[in-house]
1. Taking amide H positions as placed in the peptide plane 1.01 Å from N, state which residues far from R159 in sequence (5 or more) or on other chains have amide H under 5 Å from it.
2. Would you mind computing, in nm to one decimal, how far apart the modelled labels at E276 and S149 are, each placed 7 Å from Cα along Cα→Cβ?
3. Please turn the phi angles of segment 291-305 into ³J(HN,Hα) values with the Karplus equation 6.51 cos²θ - 1.76 cosθ + 1.60 (θ = phi - 60°), one per residue in order, whole Hz, x for glycine and proline.
4. Can you work out the Karplus-derived ³J(HN,Hα) for every residue in segment 199-210? Use 6.51 cos²θ - 1.76 cosθ + 1.60 with θ = phi - 60°, whole Hz, and x for glycine or proline.
5. Determine the shape class of segment 71-182: with a ≥ b ≥ c the square roots of the Cα gyration tensor eigenvalues, call it rounded for a/c under 1.5, and otherwise prolate if a/b is greater than b/c, oblate otherwise.
6. Starting at the first residue of segment 242-248, write each ³J(HN,Hα) from the Karplus equation 6.51 cos²θ - 1.76 cosθ + 1.60 with θ = phi - 60°, in whole Hz, x for Gly and Pro.
7. I'd like to know which of I143, A199, V130 lies farthest towards the positive end of the charge dipole of segment 127-216, counting +1 on Cβ of Lys and Arg and -1 on Cβ of Asp and Glu.
8. Would you mind pulling out the separation of the Cα centroids of segment 69-147 and segment 189-264, in Å?
Amino acid sequence: MDHEHPLKTFARETTFQEEERAHYDRLIRQARAPKPNAWAIPWPAMSLGLAGAALAAFVALRAPEPTPVSLAMSASAEPTAMTANLGEHVSVEYSGVGEASGTSMAPRIRWESGVATFSVTPGQGVDLRVVTPEGEVRVLGTIFDVKRSALGTEVTVRRGKVGVTCQDGSAVEITAGQHHTCLPTTAAGQLGRARALQAASASIDETLQATAAGLAAADLSADTRAELHAVRLELFTTLAKWPEALVEARAYLDTRQDARRPWALQRAAQLSALLEGCSAAQIYLTELEAAGAGDSVADLRARCP
């Protein structure tokens with residue numbers, strides 16, 4: 001058996017083979033590559049369960065648990081307005097009566113009367129809702145006013161956008177500089193609105209619309225019906241619409257309410273005599289005299305013996 005020369009053996013054993021070269025090249029590249037960042041794992045590399053868990057943990061770190069909100073809001077008329085914080089991202093300046101509940105991220109305001117100005121930090125996911133007997137205001141980030149009075153609930157936006165849903169089913173979105181009023185939906189509410197419009201010297205047509213809505217309300221009671229007819233009698237008398245005024249005077253009397261019956265009898269007697277003659281006025285004159293109020297129509301009795 002031939003023996004290999006020692007120099008040839010050394011050369012063969014120290015020659016760098018190609019597959020060994022490729023193996024060492026891979027090791028070198030791996031050593032030089034940057035270490036993977038545990039917080040920068042590509043989404044496709046995650047399972048759905050792991051992705052959801054990581055996201056939930058991340059949100060939990062950034063968004064603290066909402067804190068409960070409980071505040072009885074009561075302040076006298078302007079200019080002595082009160083201020084309060086309903087969590088980190090909601091503040092309110094108010095002059096009136098209401099109540100706050102819910103949480104710092106989802107405050108719920110029940111506003112009864114007066115003016116409240118809400119300021120909400122945009123982009124924080126706050127779900128603020130303000131509820132009045134006439135409607136609901138929803139907002140995610142804005143500054144807006146809610147004013148409730150006998151005229152209804154008026155919402156005015158200073159910045160941002162709000163959605164307003166009224167009890168009558170109507171819904172609108174309003175932006176900065178715009179306002180919207182939710183009207184009362186109950187008979188008593190429409191009566192209060194009509195009286196407020198009268199006090200504010202609003203147009204008679206607008207006041208008549210309020211009384212008509214009140215008479216059409218499902219919850220109309222006898223005493224509210226009587227007062228609505230009384231308002232309409234006053235309005236038609238102001239307009240010198242005598243036939244319409246007589247209809248309202250008789251409608252009031254038909255309710256059998258006593259609060260303003262002598263006044264309605266007097267008007268019915270005068271209008272009946274004017275439009276239909278003395279014979280039509282007799283029934284009202286007789287009732288007034290029987291009630292001891294004959295002096296209120298003494299002149300008319302002298303003309304209609």
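Coordinate-derived values only; no laboratory data. None of these values were measured; they are calculated from a predicted model. Here the Cβ positions follow ideal geometry from the backbone for every residue, glycine too, while neighbour counts run over all protein chains shown.
1. I143
2. Reported label-point gap for E276 and S149 is 4.0 nm.
3. Each residue of segment 291-305 in turn: 8, x, 10, x, 5, 5, 10, 4, 5, 5, 5, 5, 8, 10, x Hz.
4. Karplus values, whole Hz, x for Gly and Pro: 5, 8, 6, 6, 5, 5, 4, 5, 5, 5, 4, 5.
5. rounded
6. 5, x, 5, 5, 5, 4, 6
7. In segment 127-216, that residue is I143.
8. The distance from the Cα centre of segment 69-147 to that of segment 189-264 comes to 35 Å.
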